[in-house]
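Notes for the one structure printed next.
The values are calculated or read from the model by the stated rules, or taken from the named source; none is laboratory data. Note that the structure is a prediction, hence the values are computed from the model and not measured. Note: accessible area is taken over every heavy atom of the protein model, side chains too, but ligands, DNA and RNA are not part of it. Shrake-Rupley method; radii C 1.70, N 1.55, O 1.52, S 1.80 Å.
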Amino acid sequence: LSVTDDKDARIWERIKDHPCFSEQAHHYFARMHVAVAPACNIQCNYCNRKYDCTNESRPGVASVKLTPDQALRKVLAVASKVPELSVIGVAGPGDACYDWRKTVATFEGVAREIPDIKLCISTNGLALPDHVDELADMNIDHVTITINMVDPVVGAKIYPWILHGHRRYTGIEAARILHERQMLGLELLTKRGILTKINSVMIPGVNDTHLVEVNRWIRDRGAFMHNVVPLISKPSHGTYYGLTGQRCPEPFELKALQDCLDGNVKLMRHCQQCRADAIGLLGDDREREFALDQISTKV
Ligand code: SF4
Ligand code: SF4
């Protein structure tokens, strides 16, 4: 991102309390993901919906899916006990833009009760272009899109199918549509001045070298930040990922890729691959303290 000092200062103002968009902020500010969006319009090979998953960098685990009302109760409970809370995000466990009504209902409630809190979403991008105007109207200033490819041949190895316009597409056609919608969504967000973070899941032997090209495409379309995260294929919370048997990258492979991307788009290196219901400072999750049955039923 090439910016003047004045522009730098304005961007800093917008990211200074967002723990993911600013590395410094993650020491002092907390985020809360509310797991209100279980439905998804694509299938990623690395995602197992049976156990929940997310567009965020971790095909995550969410203990309980929430209705928008339950989410609001939980947000208010957390806000009263976690003074560092600065961001509420919808990051699955499905897709925030596909399960749009629930995302909107949740954000409307939160914005009404806590007007100064930041709202952010995470999406696979397929339904994103349909909602950019509403995102801007809701003052959503931070959006994460998961983009794992810009070549549909690579995409066909990652996405077996998508649902788009009431039709199911498979193979290269599915990946091509997804790619076009992701690029369009990113361009529209950039035009609106909304800050974007692109998450890319590094899948050895599938898209690892290709992510250099992804990085170029997103830079050319105004992405603010690129977050390359390793595929999780080890058991976590009793759940196995990497359903088609891909291995996860070694730390040195991830670092080598990140090093060769450095200099194009700002790189995120402090991602914790959080759950879809994560609460607290990055790396210090407190979701268990705020189980729904422990929260008052009054909003
Ligand atoms: Fe799972 Fe997210 Fe992929 Fe949908 S976009 S299949 S929720 S990882
Ligand atoms: Fe931030 Fe990464 Fe966690 Fe998302 S998964 S909230 S980007 S640290």
- Mind grabbing the accessible area of V206 for me, 1.4 Å probe, Å², rounded to tens? 30 Å²
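Strictly over 19 Å apart at the Cα level, which of K16/K118; K74/K118; K74/K102 would you flag in this model? List each step's numbers first, then the result.
On the way: K16/K118 11 Å; K74/K118 16 Å; K74/K102 15 Å.
From the list (K16/K118; K74/K118; K74/K102), the Cα-Cα distance tops 19 Å for no pair.
Convex hull over the alpha-carbon atoms of segment 149-228: what's its volume per residue in Å³? If you can, show how the numbers build up before the last one.
Working: hull volume 6.5 nm³, N = 80.
For segment 149-228, the hull spanned by Cα atoms encloses 81 Å³ per residue.
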- How would W100, W12, W217, W161 rank on accessible area, largest to smallest, probe 1.4 Å? W12, W217, W161, W100
- Message: Going by amide H atoms built from the backbone, whose H comes under 5 Å of the H on K16, apart from near neighbours?
- Response: none
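Using 0.36 nm per residue, how much length does the chain from E180 to E13 gain when fully extended, once their Cα-Cα distance is taken away? Write out the running numbers ahead of the final one.
On the way: separation 167, 0.36 × 167 = 60.12 nm, distance 3.16 nm.
Working it through step by step, the gained length comes to 57.0 nm.
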- Task: Against the globular-protein guess of 2.2 N^0.38 Å, express the Cα radius of gyration of segment 95-156 as a ratio, rounded to two decimals.
- Result: 1.27
- Query: Can you give the extra length, in nm with one decimal, that the chain gains between K255 and V212 once fully stretched, where that is 0.36 nm per residue apart less the Cα-Cα distance?
  - Reply: 14.2 nm
